[in-house]
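Participant: Take this structure, written in structure tokens, and hold onto it; I'll ask about it next.
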Amino acid sequence: MGSAVVDHSAALTSVQRWEDAYSQLKDALAAYCRACHIMEHSINSTSRTDVKELAAPFERTIEDYHKLFILPLSHSFASLSRSRNTLRAPSYGILPEILGRIFEFVLEMDTRNIPMDMTIQTVYLSLHRLMSVCSAWRNVAQTHLPLWTLIPILDLNTRSLGVTETWFSRSLERSRAANLRLAVSVGSLDINNLPIREKLLSQAHRFRSINIRASSLSTIESILKPILTAPAPKFLREISLCYEPPQGHDDQEPHYLFSLGTHPVLSAFEVTLGFVGILRLKNVLPPSYSQCYSNIVQLRLQDICNSTSIPRSDFRFLLPITSCPGTEDITVDFPRLKRLYLENLDLNVLESVFLTIEPGRYHTAFMMTRNSLSNMNVMGVINENLDRFREVFESGKIHMLILDKRSLIPSPQLLRIILSCMPTVYSLSLDGQFLSHQYLLALTRPPDTSIPFPELQSILISCSLIDSIDDQVAFRNMLSSHPLQTLYLGGSFNMTMTANNVEGIHHADCCCVDIAGSDARAILTRDWIRANIPNFTVWPRDVHVQIKPTEWELW
């Protein structure tokens with residue numbers, strides 16, 4: 001506030017000086033104009049002798065007239081116009097700090113729930129558009145440090161590398177001393193061949209977040225190693241690593257970083273993990289360590305496979321490095337863990353996670369796919385084993401179950417078995433599902449409370465087809481059977497009691513009624529829900545509920 005008062009006082013002073021100078025200029029121009037007319041009249045009245053001597057100063061003045069008068073006045077007029085436009089701009093009354101925060105929200109809205117490489121490009125496209133509106137916006141954007149903390153490295157094509165170097169240098173310059181976020185989305189690029197490598201290393205101490213997505217383990221290692229082993233102090237708080245091998249790569253074993261690493265890099269990695277609060281891993285695991293997870297508050301494990309039924313003591317990421325095969329009582333404590341997110345893990349990995357991470361008061365969200373019903377035995381045969389599924393989930397507590405189009409649960413009977421194995425679930429997310437009459441019955445909590453089954457407090461439904469608009473009994477009974485406090489609902493109601501297949505969900509205008517639409521039956525359903533569920537939100541039928549998609553994000 002004090003700064004704003006000083007700035008306002010300085011502006012008033014400058015305006016007063018301009019008014020004084022304007023008054024003096026006006027008087028000077030009027031006097032000059034009179035002098036010119038008097039001189040002209042005097043010349044016309046004088047004798048015609050010695051005209052060359054009188055004309056000489058006029059020649060010099062006329063030659064310098066443009067430089068001395070026209071150009072300065074033109075520049076002054078342009079400056080005056082810009083000042084007027086700035087004062088008339090609707091955003092001028094907003095403090096630069098507040099306008100900068102608004103710009104941050106704009107970037108966040110533009111990049112929500114889209115893949116990482118697209119997010120990086122969208123961030124800079126949005127920044128370019130914001131700065132193109134007017135000079136006032138450009139000045140605010142260029143000096144608002146949080147807008148320039150993203151340090152990108154892209155490898156989509158040769159041109160993108162050139163753009164990456166420009167963005168990289170510009171972000172480093174405009175972010176000044178602010179904390180930085182490194183975002184790398186590449187294939188098998190070797191960081192050692194990039195001209196920006198030295199700049200990257202010189203700023204290693206400023207990185208608070210590192211997000212790397214690559215198709216080669218050696219690429220991830222080549223980016224991590226110089227940062228981890230740089231002499232600058234490590235203040236990393238967030239590490240997100242995504243390994244997406246080329247198509248056709250069918251390795252069913254876990255992928256470990258620095259499996260052939262030397263002691264310095266392994267030691268540096270362990271020290272860094274000791275400070276990290278958020279760790280996200282897709283299809284890749286760090287080396288095994290004993291006590292380095294004391295500060296982790298959020299852990300995300302995605303697309304990690306473990307093809308054989310080996311002892312969990314061999315699942316090295318979570319277990320102490322000194323553990324011996326066959327020890328079944330080893331657990332790892334995450335004392336500050338608040339959220340555990342599991343996605344597309346097979347039964348072998350799920351069992352290792354549940355038995356290894358010490359139980360606590362953290363929230364566990366589980367994105368289930370068909371892989372979660374399967375495991376590979378010692379003979380290399382993949383099979384579905386519901387008995388083992390039930391056994392594995394007896395040792396773990398799931399609080400949020402997420403089912404999307406990849407879940408592919410073939411029957412209502414299987415869905416009911418899955419839910420009965422997770423009685424601790426209190427939040428259910430259904431995205432892109434066909435909820436037939438039988439599936440609604442499978443989701444309905446049984447009257448007998450002794451039967452294991454979730455007591456749902458919140459349900460999130462998006463982009464789904466619900467059976468049916470003409471008979472809401474099954475849908476309402478399902479909702480009423482749970483102690484629901486929150487319902488997010490988006491999608492369509494089927495117009496018939498049965499549907500031929502899920503294709504109807506893509507032809508909603510022909511055979512469906514929009515849940516959020518003006519159809520009287522949909523309105524009655526929404527009114528009933530509002531009367532029975534405290535917190536009810538309607539989504540557009542083509543908008544996915546705000547859960548993280550399968551694509552790797554910028555985070």
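Each reported figure results from applying straightforward, stated rules to the coordinates on display, with no laboratory input. All figures in this text were calculated on a predicted structure; none of them were measured in a lab. Note that each Cβ is placed from the backbone with ideal geometry, even for glycine, and that neighbours are counted across all protein chains shown.
Participant: With a/c under 1.5 counting as rounded, go ahead and sort region 410-555 into rounded, prolate or oblate using the C-alpha gyration tensor (a ≥ b ≥ c being the square roots of the eigenvalues; past the cut-off, prolate if a/b is larger than b/c, else oblate).
Facilitator: Judged from the Cα gyration tensor, region 410-555 comes out rounded (a/c under 1.5).
Participant: Describe numerically, in nm with one decimal, the distance between label points set 7 Å from Cα along Cα→Cβ at M109 and at Q438.
Facilitator: 4.5
Participant: Taking the beta-carbon count within 10 Å as an exposure proxy, list K282, K338, K67 from fewest neighbours to most.
Facilitator: Ranked by crowding around the Cβ, least crowded first: K67, K338, K282.
Participant: Please turn the phi angles of region 279-285 into ³J(HN,Hα) values with the Karplus equation 6.51 cos²θ - 1.76 cosθ + 1.60 (θ = phi - 60°), one per residue in order, whole Hz, x for glycine and proline.
Facilitator: After applying 6.51 cos²θ - 1.76 cosθ + 1.60, I find 10, 10, 9, 10, 6, 7, 10 Hz.
Participant: What FRET efficiency do you get for V473 and N535 if R0 is 30 Å and r is their Cβ-Cβ distance, rounded to the nearest 0.05?
Facilitator: In this case the efficiency is close to 0.80.
Participant: Also, quick follow-up: Just subtract the alpha-carbon distance of L524 and L125 from 0.36 nm times their residue separation and send over the number in nm, one decimal.
Facilitator: My answer for the length gained is 139.3 nm.
Participant: Which distance in nm do the two modelled labels at H205 and K67 give, with both placed 7 Å along the Cα-to-Cβ direction?
Facilitator: Rounded to a tenth, the inter-label distance reads 5.1 nm.
Participant: Sort 192-200, 16-24, 293-301 by the packing proxy (mean of other Cβ within 10 Å over each peptide's residues), most packed first.
Facilitator: By packing density, highest mean first, the sequence is 293-301, 192-200, 16-24.
Participant: Rounded to the nearest 5, what is the percent of antiparallel bridges among the DSSP beta bridges in region 410-555?
Facilitator: Around 15 percent antiparallel, to the nearest 5.
Participant: Also, I was wondering about something else. Say R0 is 22 Å: what FRET efficiency, to the nearest 0.05, do E97 and W18 get from their beta-carbon distance?
Facilitator: 0.25
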